[in-house]
Every structure is written in C-alpha cells, then in structure tokens.
Amino acid sequence: MGKKKNFSLEELVSLKCWLQFGMKTKEIASRLGRSEVGVRLQIRRLKSLPPNASPLPPKATHGRPTATSNREDERLKRYVLMNPFKSARELKNEVPGWGDVSVRTIQHRLQNKLGLPARRAAKKPLLTHKMKQKRLAFAKKYKNWTSEQWRDVMFSDEAKFEVINSRSVTVRRSRTMDRYADKYVVKTVKHSPSVMMWACFSGKSGRGGMYALPKNTTMNGERYKDVLADHLIPQMMATRTPFFLQDGAPCHKARLVTNYLKQYENDFTVMDWPGNSPDLNPIENCWSFMKRRLKKDSTITSARKLEEAIKVMWVKEMDINYFKNLADSMPKRIQCVIEHNGEMTKY
C-alpha cells in the first residue's frame with residue numbers, strides 16, 4: 001500500500017481544535033481518515049510550537065506520490081538479494097505488495113533507489129568441490145612466488161576464432177524504428193568459418209610460437225606433440241625458460257604427450273595446472289583481447305583472412321610489455337583464489 005499525501009493545513013487546524021477540546025487520538029484519526037500513528041506524529045509537531053502559534057503549512061511536494069512505501073521497498077530489496085536472477089515481471093508477481101505496480105516502476109526503483117540495476121551476468125566454468133580444492137592447493141603452492149618468478153613461466157593454450165562474432169545482444173533504437181532493419185540486427189550464420197590457433201608466451205621473452213590447425217581438423221595427442229616439438233621446445237631452449245604451463249585439455253594429458261615432455265624434465269618443469277581454471281592462465285586474457293580487436297575489422301570475410309589477421313596482430317601489435325604485464329598479474333590471481341577459497345575470480 002502506498003503512502004498517503006501529507007496533512008493539509010485544514011486538517012492540521014481541525015486536529016489542533018479537537019485536541020484542545022480533549023478529543024482522543026483514536027477519534028481524531030477516525031474523523032480525518034488517517035492512521036493513529038500519523039495523527040500522533042502531527043500532535044508531537046504541534047506541541048513543539050508556541051501555544052498561540054498557528055499550524056505550519058505542509059511542505060510543498062512535487063510530482064506524484066511514490067507508489068510504494070519504504071517498507072515495501074526494503075521487502076523488494078531483500079527478495080532480489082536472495083533471488084538475483086529474477087526479472088522485473090517475475091518480481092511483480094512474486095513480491096507481496098508489488099502486484100499493482102508497473103514493471104517499469106519496479107525497474108526504476110531497483111536501479112535508482114535500491115542500487116540494484118540489471119547487469120549482464122558473468123559466465124564462468126562450473127566448479128565442483130574437488131576442483132575448488134585443487135585450485136586452492138595450486139594457489140597455496142605458489143602464493144609466495146614473485147612477479148619475476150612468474151615471468152619465467154611459458155604459458156600456452158589454444159583458442160577458436162570465428163569470422164562472424166556477434167558484437168552485442170543489445171541495441172539502442174526508438175520504438176518507432178524497425179526492429180528488423182539491417183543496422184539493428186545481429187548477423188548469424190549456421191556454420192561460421194573459424195580458425196583454431198595455438199600460441200605461447202612468457203613475461204621474460206614475450207610472444208612465442210603460433211600455429212594454426214589445418215582446416216577441418218582438431219587438436220589430438222599426436223598433433224599436439226608435433227606442435228610442441230616445432231613451436232614450443234625451440235622457444236623454451238632458446239630462452240632457457242624453466243617452467244611450462246598448459247591447461248588440462250585431453251590432448252595435453254595424452255600419454256604420448258606426457259612421455260614426450262618427460263624427455264625435457266631436466267630442462268624445464270611442467271606445472272600441475274588445476275582443471276577449469278582459465279583465470280589461472282593469463283593467455284586467456286590475450287585471446288580475449290585479440291578477439292575484441294578483430295571484431296572491429298569488417299574486412300575479415302574468410303578463414304584465410306582471419307588467420308592472416310591473427311598472425312599479423314600477434315607479431316606487430318602484441319609487444320613484450322603486454323605479455324610482461326600478463327605474467328605480473330599472476331600473484332594477484334593467486335591471492336584472489338585463496339581469498340575466494342578456490343571459487344572463480346574476476347580474471
């Protein structure tokens with residue numbers, strides 16, 4: 001139920017007269033059609049004035065009265081904090097006291113008064129209890145490593161790049177504009193041409209080798225072993241990088257690959273990376289950065305052009321300072337995992 005308007009000057013004068021005649025608060029409230037609590041508040045205000053002073057006129061108000069009370073606003077806030085994925089329409093139907101309020105009013109109240117605007121939810125991998133424990137163990141193992149030590153790690157990963165990447169799922173247009181006009185539509189295709197890329201880098205030596213998988217092929221143990229032999233091992237040997245970090249993809253853990261890397265156990269150490277932890281491999285940030293840049297290039301219309309653009313960006317635009325900063329972020333990433341008790345972090 002919404003709040004009633006303020007007491008009028010006529011109501012205040014009547015209230016004062018009835019009060020002087022000794023009328024009870026309950027009867028005054030009944031005559032005015034007001035609550036007893038509201039009447040008592042006005043009585044306290046009248047008693048604070050000099051004996052012969054006239055009641056003060058009510059403060060001028062602007063606009064319509066609010067549709068809900070502060071108590072109802074707090075009820076809405078508590079419900080949203082417990083159910084953050086509810087839409088405004090669902091809140092209208094589920095929160096007591098909000099059934100007669102418009103969806104637009106609920107959206108406005110959440111955003112401007114309660115500080116709970118709708119935001120796009122972050123997407124992160126699902127973590128089981130066992131995964132969280134492994135992440136926590138990894139973080140505690142390396143919590144004392146400095147930025148200089150993390151620069152001695154060669155980070156590697158694969159990423160899929162698509163020719164057509166939807167820039168956004170939201171668009172700004174007025175109601176009078178055609179929703180299906182070409183400039184307001186997100187273009188999609190059933191089977192967008194794509195390229196699978198592998199690359200590595202370290203904070204000390206910068207970018208390493210890059211490899212594009214042949215068309216219509218996937219990374220398996222045998223192919224990954226060849227990639228390591230042709231692009232990783234020469235880089236590791238030339239830069240004398242003592243640590244190698246890769247994710248837990250099946251092709252990375254294949255027995256063929258594991259036995260191959262054992263040949264170099266005296267040259268470098270393969271770090272035991274916890275599964276489902278893209279926030280603990282900064283090359284993921286590198287891929288995201290490159291994809292955002294490539295989305296702006298409208299000349300990329302084929303997989304061949306996409307592969308060329310990726311390689312040009314890798315060589316010309318990714319300087320050593322960028323990779324050094326990524327490696328230097330590892331201590332903060334490790335600390336975040338510890339603080340979140342193994343949960344996913346912002347990275």
Selection count, region 28-39, where residues are loosely packed, with under 15 Cβ neighbours inside 10 Å and closer than 13 Å to Trp18 by Cα = 2
Index of the failed condition, Met196 passing every other in (1) among the hydrophobic types (A, V, I, L, M, F, W, C); (2) modelled with pLDDT under 90; (3) surrounded by 12 or more Cβ atoms within 10 Å (Cβ to Cβ) = (2)
Any hit, region 67-88, residues being of a type outside the set (Gly, Ala, Ser), at pLDDT below 85 and surrounded by 11 or more Cβ atoms within 10 Å (Cβ to Cβ) | yes
Set Lys183, Lys132, Lys187, Lys143: member being modelled with pLDDT of 85 or more, open to solvent by 90 Å² or more (accessible area, probe 1.4 Å) and either under 23 Å from the mean Cα position of the chain (by Cα) or at negative phi (or both) | Lys143
Quick check: anything in region 99-114 modelled with pLDDT under 95, more than 22 Å from the chain's Cα centre (by Cα), in a loop (DSSP other than H, G, I, E, B) and among the hydrophobic types (A, V, I, L, M, F, W, C)?
-> yes
Taking region 299-314 and keeping only residues that are open to solvent by 60 Å² or more (accessible area, probe 1.4 Å), in a helix (DSSP H, G or I) and either touching a Phe, Trp or Tyr at 6+ places or on another chain (Cβ under 6 Å) or not acidic (Asp, Glu) (or both), one is left with Arg304, Lys305, Lys311, Val312
Enumeration of residues in region 26-39 that are over 12 Å from Leu15 (Cβ atoms) and either in contact with a Cys (Cβ under 7 Å, 6 or more places away or on another chain) or among the basic types (Lys, Arg) (or both) = Lys26
If the Cβ limit is 9 Å and pairs must be 6+ apart or interchain, which residue in region 270-298 that is over 27 Å from Arg240 (Cα atoms) and outside any helix (DSSP H, G or I) pairs with which residue that is open to solvent by 30 Å² or more (accessible area, probe 1.4 Å) and among the hydroxyl-bearing types (Ser, Thr, Tyr)?
-> Asn276/Thr128
Has region 318-328 got any residue that is exposed (fewer than 13 other Cβ atoms within 10 Å of the Cβ) and within 28 Å of Pro125 (Cβ to Cβ)?
-> no
Considering region 232-251, residues that are closer than 11 Å to Trp273 by Cβ and aliphatic (A, V, I, L, M), and then whichever is least open to solvent (accessible area, probe 1.4 Å), we arrive at Leu245
Gln42 fails exactly one of the following numbered conditions: (1) under 19 Å from Ser8 (Cβ atoms); (2) at pLDDT below 80; (3) surrounded by 12 or more Cβ atoms within 10 Å (Cβ to Cβ). What is the number of that condition?
-> (2)
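The values are calculated or read from the model by the stated rules, or taken from the named source; none is laboratory data. Note that the structure is a prediction, hence the values are computed from the model and not measured. Glycine gets a Cβ as well: all are built from the backbone with ideal geometry, and neighbour counts include every protein chain shown. Surface accessibility is based on the protein's heavy atoms, side chains included, excluding ligands, DNA and RNA. Shrake-Rupley method; radii C 1.70, N 1.55, O 1.52, S 1.80 Å.
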